[in-house]
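Since every read-out is calculated from the coordinates, none of them should be taken as a lab result. Note that the structure is a prediction, hence the values are computed from the model and not measured. Note that each Cβ is placed from the backbone with ideal geometry, even for glycine, and that neighbours are counted across all protein chains shown.
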């Protein structure tokens, strides 16, 4: 298969997407890791909700950030697979064309047309 560097680039994009998911999930867990063993005493109720929702928010942001890399990698892979398919079809067509040309050049008689009706005039059957 061709374009190995582009195929390895798609693998790199997938790894980069997962790295974003993990890093943002860890950033969401950071307040919990920093405040281990200490009670959470924020001044407002919103701060308390943000601290407790931090891991979910971090995972959501990381998933959305990584989603772009996953989609781009998938699109590149689809285009590469389509290109490989078109190359295979072109090679198959070229081989078939060479096979037909070699049969014609070799003097092999081509098969008669099954719908050739030129010989029917000599028969004694009634015509419609």
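Overview of values
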| quantity | calculated |
| --- | --- |
| Gain in span if fully extended, residue 97 to residue 45, counting 0.36 nm per residue against the direct Cα distance | 11.1 nm |
| Point-to-point label distance, residue 57-residue 85, nm (Cα→Cβ direction, 7 Å offset) | 4.4 |
| Likely footprinting exposure, 5, 102, fewest C-beta neighbours within 10 Å first | 5, 102 |
| Relative contact order, percent, the range 4-105 [alpha-carbon distance under 8 Å, six or more residues apart] | 40 |
